[in-house]
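Participant: Quick one: the structure is below, and I'll ask about it shortly.
The values are calculated or read from the model by the stated rules, or taken from the named source; none is laboratory data. Note that this is a predicted model, so its numbers are computed, not measured. We place every Cβ from the backbone using ideal geometry, glycine too, and count neighbours over all the protein chains shown. These accessible areas exclude ligands, DNA and RNA; they are computed on the full protein's heavy atoms, side chains included. Shrake-Rupley method; radii C 1.70, N 1.55, O 1.52, S 1.80 Å.
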Amino acid sequence: ERVRDSLRIHKAERSLRQHVERLSSITAIQQEIAAAAPDQDSIMKLAAGRARQLTGADGAVIELVEGDEIVFRAATGSVAAQVGKRFDVQKNFSGLAIRTDEILRCDDAETDSRIHSEERQAAAFRSTVVVPLRHQYNSIGALRVWSSKAGAFDDADIQTLQLVAHFMSAAINQAVAFGAKQALLAEHTRT
C-alpha cells in the first residue's frame, strides 16, 4: 500500500512539475512574441518554432490564407524548406479548420477521412493539430503542428497551441495596425 501511495505521489509531483514548466515556457513565449512585434515574419517564425518545441512535434507551420489558397509563411522541422508552398484551401486540413473556425486534431491521418491523400503524402505526417489564427473576428490562417507518430498530441498540447496562437494573433494584429500607421504617416509626410 505504501509503495502504491508513493508511486501516486511521485507521478502527481512529476505531472505538476511538467505543468509548471509548460506554463513558464508559455509565459516566455508571450514575452518573446511581444518583443518581436511589429515584425510579422519574426513573430511567425518564433511562434512556429516554439509551438514545435512545446508539443514535441516533428514540425510546425504558420499558414495564411491568400485568396483560395493557404500559404506556408513560416515553417520548422521536416517542411522548413517549404516556406511559400501553396495549397488549395478546400483540399487542406488547415483549410477546414479555417473555414469552420475550429481547432482540429487528427490522431491518425491514415484513417481520418478529413485528410486528403495529396496532403498526407506531401507532409508525411500521422497526427496533426490545427489552431485557427484570427485577425479581428475572422480566421486568417492557422498554426499547425504534426508528428510522424499516431496520437502524438494530447489536450495539454491543444491548450498550449491555443495560447501560442492567441499571442501570435494579437501580435499580428498589432503589426498590421503599426504598418497601417506607418503608411499613413509616410503619406502625410509626403504631402
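Participant: Listed residues SER78, SER169; which is among the polar types (S, T, N, Q) and closer than 15 Å to GLY59 by Cα?
Facilitator: SER78
Participant: Working carefully through the options SER147, SER139, find the one that is over 12 Å from the mean Cα position of the chain (by Cα), of a type in the set (Ser, Thr, Tyr) and modelled with pLDDT of 90 or more.
Facilitator: One residue alone meets the criteria, SER147.
Participant: Looking at the structure I just gave you, is ILE98 closer than 26 Å to PHE167 by Cβ and not in a strand (DSSP E or B)?
Facilitator: Yes, satisfied.
Participant: Just wondering, is there one or more residues in the stretch 23-38 that are at pLDDT below 75, out of contact with any Phe, Trp or Tyr (no Cβ under 7 Å at 6 or more places or on another chain) and in a loop (DSSP other than H, G, I, E, B)?
Facilitator: Looking for residues that are at pLDDT below 75, out of contact with any Phe, Trp or Tyr (no Cβ under 7 Å at 6 or more places or on another chain) and in a loop (DSSP other than H, G, I, E, B), one finds at least one in the stretch 23-38, hence yes.
Participant: From SER94, SER78, grab the single residue that is in contact (Cβ under 8 Å) with a residue 12 or more places away in the chain and open to solvent by less than 40 Å² (accessible area, probe 1.4 Å).
Facilitator: SER94
Participant: Looking only at the stretch 110-131, which residues are buried (at least 24 other Cβ atoms within 10 Å of the Cβ) and at pLDDT 90 or above?
Facilitator: Within the stretch 110-131, THR128, VAL129, VAL130, VAL131 qualify.
Participant: Identify all residues within the stretch 124-177 that are closer than 24 Å to SER42 by Cα, without any contact (Cβ under 8 Å) to a residue 40 or more places away in the chain and assigned to a strand (DSSP E or B); write none if there are none.
Facilitator: Matches in the stretch 124-177: THR128, VAL130, VAL131, PRO132, ARG134, ASN138.
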